[in-house]
Amino acid sequence: MAEAEDARTETQAAKTAGPPGVLRDRFTIRSNQPLPDLFTPNAEAYVAEDKRDPNRSLYALICRPDLPPRVTVMRALKGVLSPGIVQLVEWGAMNWAPAGRQCMTVVYERPAGKRLMANLRSEFRRIDEYDIQRRVVEPMVSAIKELTSRGITHRAIRATNLFYMDGAGERLALGDCVSTPAGFDQPLVFETIESGMANPVARGSGTYSDDLYSLGVMLIFLFLGRNPVAHLDDEAILKQKIQQGSYGTLVGDERLPLALIELLRGLLCDDPDQRWDIESLDLWLSGRRLSPLQSRMEKRAARGFPFNGKEYFNCRELAQAMAKNWEAAIPPVLEGKLELWLRRAVEDKERAQVIADVVRMALTGTTDKKVAADLMLCKVLILLDPPAPIRYKGFNAMPDGFGSALAAVVAQKADNRLLVEIILRAVPSLWFEARKAYLPDNSLMEGNFKELKAYLGQTGMGFGLERCLYELNDALPCQSSLLGEDYVVELKELLPALNAAAARRSDTKQVPVDRHIAAFMGARARSDIDRNLQGLSDPEPSKALMALLNLYAVFQYRLGPESLPNLTAWLGALAQPIVNSFHSRDRRKELDKELPKIIRRGSIVEIYNLLDNAEAKDKDVNEFAWAQAQYQAAEEEIKRVKTDSEERADEAERVGKQTAAMIGILIAFVTTTFVVISKVW
Amino acid sequence: MAAKKKSAVAQAQAAAKAKKGGGVGMNKAAVLMILAALVPFSLPTVILLFFTGLPTLGAWASEKGRHKYAWLCVGGLNFAGVIPYLFTLWFGVHTVDEALNMLSDAGVLLWAYGASGFGWLLYMITPPMVASWLSFTTDRRVASLKSAQKKLVEEWGEEVSRKGG
């Protein structure tokens, strides 16, 4: 049956397949040779070939374009050789014909054997207590140590992601962990209670402690050879984990060897502070046996809290129920029923008082009642269950998972109003304020969220939600529609991609920047370019274009490449307003003559230098002002000459008469002189 | 204080006016007395000048308006026509009979009055000529200014004609 399905998949793939993809000019990905056995829940696997070593057995996973892959983990994991993980050979964006666009591709070493557990309901050959340490625990611990030393987490440790690396079925290794956001592919059973409460896309990278918990769950699966909670759905598993603890839920009545009990109790401890760490595992591996950790369950209330037709006996369970029924949860809290229950049934007067204060502030505050009530409930849920994710109106996210959630929402073009609201109302700060112990990572994240709020407050290009998106996801490719399907992750890839986009552009009036590109630049530039970004939104087109030229020129100068002829042609075609901002016709002609030469050279730096000559600009402005003054002076003189005709006639008459008089007198003098001379001689 | 000052100034002006007026009157009287004393000795000259200079007196008396220059133009030419006969009188027989004799000569009157007529002609044609000249130079100036403006527009575009902000 499965074979028939595989054959169907292969036939379908062969139909839709196009030419093979080529990654970094070295790896050929055969789009007509899918490998359904190696598919992950959100990535398809295909045969990959290494041109340098054709005998090497590889496969490639094609990531979904609408989910942000873990590029930082890819960078750290490339080439790492560890017995517990399948080697990541190469990664990168590649033109993928079946999708008709560039897709992130990850090339892995191909396991010789099969997947240990095909799905969560299947059964497989169990690994007994004598083999489990050597075949599973040791390589997995070594892998987690390797990852920890590189500052990353796996977050995909599960029995369905475990492969036999050899034909003999001896070596087991963990498969892909980078093609989707951290923990996204994980079934709830493999996640801690807190992580399980979060939306899958917003689980966050977490810490190695989360990996150790998943390892604990996987060990139970391996020892039993099946899923012990296969009969339960996710909601039931979470509920049971909260009520009975993870160990109790997963082990139940199964009989385990003592050594394994100790290991599993340590790894499945629901309190992250008490959960075993790498040192404890090392001690266990070296043969030192400790008394098993006894899980401390939350105090059960004397009477249940009635909510939504059910009764809840502990705070965590109640908080989870309230988070799921947001609107229904607000009235009982505002009415003080929760405070009373905490005081009388749970006998936690301190927490009851804090909640009473929060409710009172919400009721007496001057802000919008609905907003105040939402924030109040969010705070109350955090107080009821501090380790739980940030829960706000149905959206549950670990603080470090907020970025991937936002990326997914934007990529899927879904409604992002709730996420915007969370940032603007500083909801994450409520979560950070409730932390009892200081963690540098938390204060860093809190600072980042404050910055995001400031970015959202600015509506110009380079800010807003797009800026938050790129600030939260360091490895998210630029989502600009101008770049088409190009995969631009780093700033140095932006200008070449725009150059390629310039060659195929149809709209000649389109400026080579949009909100995504501007925000991408702002988030990825190492220096603070916010002032330059503000210039992009200048209402005067010539000033906005100069700001853009300035940015692109700096990037070309710093990151290359030296020649971008298509992009310079694009920018040059838009530079007419800047040329026209010069008053002098001679200067304009000079610029019009010079621009095409620079465009051919492909240098944005030279275009910028040509158009942003401050000295020439000042000279132009001063000379223009002088020319205007000259023109006006001439105009006024002409007007004066034309309007003073009466005065001019009067003047002409006066001068004429005076001239005649002078001539008369002169003639008299001359005659007298002649007469005198004639008489004297 | 101001009233005092004003009255002082007014007094000074009045005094100066009185002094000036008195001075002019005195001079006029002195000149007239000298001329009156000379009349018995130069009566022939006076007679000749009076009768030949009638066009000048006429020009002086007939011209109206602010710019009274006709008597100078007509007078100049009138005098130029008379001066040869005046010298003949002075260097010949300087008597009243000789003066009257000259006046009875049509040639003397023709010269004197003909020259005056030429003076009138000159006085009439000079202002239009000057006006034409002035108009010509003004037109040239306007053309030169318009040409300069055109050059500015060619160099800086139409916006140069807008008043600078």
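Laboratory data are not the source of any read-out in this text; all were calculated from the coordinates shown. The model shown is predicted, which means the values in this text are computed figures rather than measured ones. Glycine gets a Cβ as well: all are built from the backbone with ideal geometry, and neighbour counts include every protein chain shown.
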The helix A:494-503 Cα axis meets the longest alpha-carbon principal axis of chain A at an angle in degrees, between 0 and 90 and rounded to 10, of 70
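Over region B:43-157, what is the mean sequence separation of C-alpha contacts under 8 Å (at least six apart), divided by residue count, expressed as relative contact order in percent? Don't skip to the answer; put the middle values down first.
Details: 97 pairs, mean separation 36.8, N = 115.
Here the relative contact order equals 32 percent.
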Give the distance, in whole Å, between the Cα centre of region A:472-505 and the Cα centre of region A:574-595.
30
Relative packing of A:275-284, B:113-122, which averages over residues the other C-beta atoms within 10 Å, highest first:
B:113-122, A:275-284
Most positive-pole-ward Cα, A:673, A:330, A:231, against dipole of chain A from beta carbon charges
A:231
Three-way shape label, the protein assembly as shown, alpha-carbon gyration tensor, a/c 1.5:
prolate
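Take peptides A:61-69, A:531-539, A:551-559 and line them up by average Cβ neighbours within 10 Å, highest first, as a rough protection proxy. Walk me through the numbers before you get to the answer.
Details: A:61-69: 22.6, A:531-539: 16.4, A:551-559: 18.7.
Put in order of decreasing packing, that is A:61-69, A:551-559, A:531-539.
What does the structure give for B:83-95 when I average, per residue, the other chain Cβ atoms found within 10 Å of the residue Cβ? Spell out each step's value before the answer.
Working: counts 7, 6, 1, 2, 5, 2, 0, 1, 2, 0, 0, 0, 0.
That works out to 2 on average.
Let a ≥ b ≥ c be the square roots of the eigenvalues of the Cα gyration tensor of region A:2-109; is it rounded (a/c under 1.5), or, if not, prolate (a/b larger than b/c) or oblate?
Working: a/c = 1.45, a/b = 1.37, b/c = 1.06.
Rounded is the answer for region A:2-109, as its axis ratio a/c remains below 1.5.
Just tell me how shielded A:671-679 is by partners: mean number of partner chain Cβ atoms within 10 Å of each residue's Cβ, no decimals.
Numbers: counts 9, 6, 1, 3, 7, 2, 0, 2, 5.
The mean count of partner-chain Cβ atoms within 10 Å per residue comes to 4.
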What relative contact order, as a whole-number percentage, does region A:500-626 give when Cα pairs under 8 Å and 6 or more residues apart are counted?
27
Separation between Cα centres of region A:250-325 and region B:74-137, rounded to whole Å:
141
So what's region A:186-251 giving for Cα Rg divided by 2.2 N^0.38 Å, two decimals?
1.04
Taking every alpha carbon pair in region A:513-561 and sorting the distances into 10 angstrom bins from 0 up to the bin holding the longest one, the percent per bin comes out as 27, 60, 13, 0
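Given the convex hull over the Cα atoms of region A:262-408, what projected area results after averaging over all orientations, in nm²? If you can, show how the numbers build up before the last one.
Values: hull surface 46.5 nm².
Result: 11.6 nm².
Roughly how many debye, to the nearest 20, is the charge dipole of the protein assembly as shown about its Cα centre, given +1 on each Lys and Arg Cβ, -1 on each Asp and Glu Cβ, and no other charges? List each step's numbers first, then the result.
On the way: 105 positive and 101 negative charges, 537 e Å.
So the magnitude is around 2580 debye.
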List the relative contact order of chain A as a percent without decimals, with contacts defined as Cα pairs under 8 Å and 6+ residues apart.
8
Can you bin region B:43-157 into rounded, prolate or oblate? Criterion: square roots of the alpha carbon gyration tensor eigenvalues sorted a ≥ b ≥ c, rounded for a/c under 1.5, prolate for a/b above b/c, oblate for the rest.
prolate
Give the angle, between 0 and 90 degrees and rounded to the nearest 10, that separates the Cα long axis of helix A:440-457 from the longest principal axis of the Cα atoms of chain A.
40
So what does log10 I(q)/I(0) come out to for region A:58-149 at q = 0.14, 0.21, 0.23 Å⁻¹, using the Debye formula with one equal point on every Cα and no solvent?
-0.69, -1.16, -1.22
Nearest 10 degrees is fine. How inclined is helix A:585-601 to the longest principal axis of chain A, computing both from alpha carbons?
30
Applying the Karplus parametrisation 6.51 cos²θ - 1.76 cosθ + 1.60 with θ = phi - 60° to the phi angles of region A:43-56, what ³J(HN,Hα) value in whole Hz is obtained for each residue in order, glycine and proline being reported as x?
8, 8, 10, 9, 5, 10, 10, 9, 5, 7, 9, x, 7, 6
Cα centroids of region A:125-163 and region A:211-228: how far apart, whole angstrom?
10
Estimated [θ] at 222 nm from DSSP helical runs (n ≥ 4, -39500 (n - 2.57)) normalised by residues in chain A, nearest 500:
-16000 deg cm²/dmol
For the pair residue A:666/residue B:135, report the inter-label distance in nm, with labels modelled 7 Å from Cα in the Cβ direction.
2.4
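For B:65-71, what's the mean count of beta carbons from other chains sitting within 10 Å of each residue's beta carbon? Show your work: numbers first, answer last.
Details: counts 3, 4, 8, 2, 10, 4, 2.
If you average over the peptide's residues, the count of other-chain Cβ atoms is 5.
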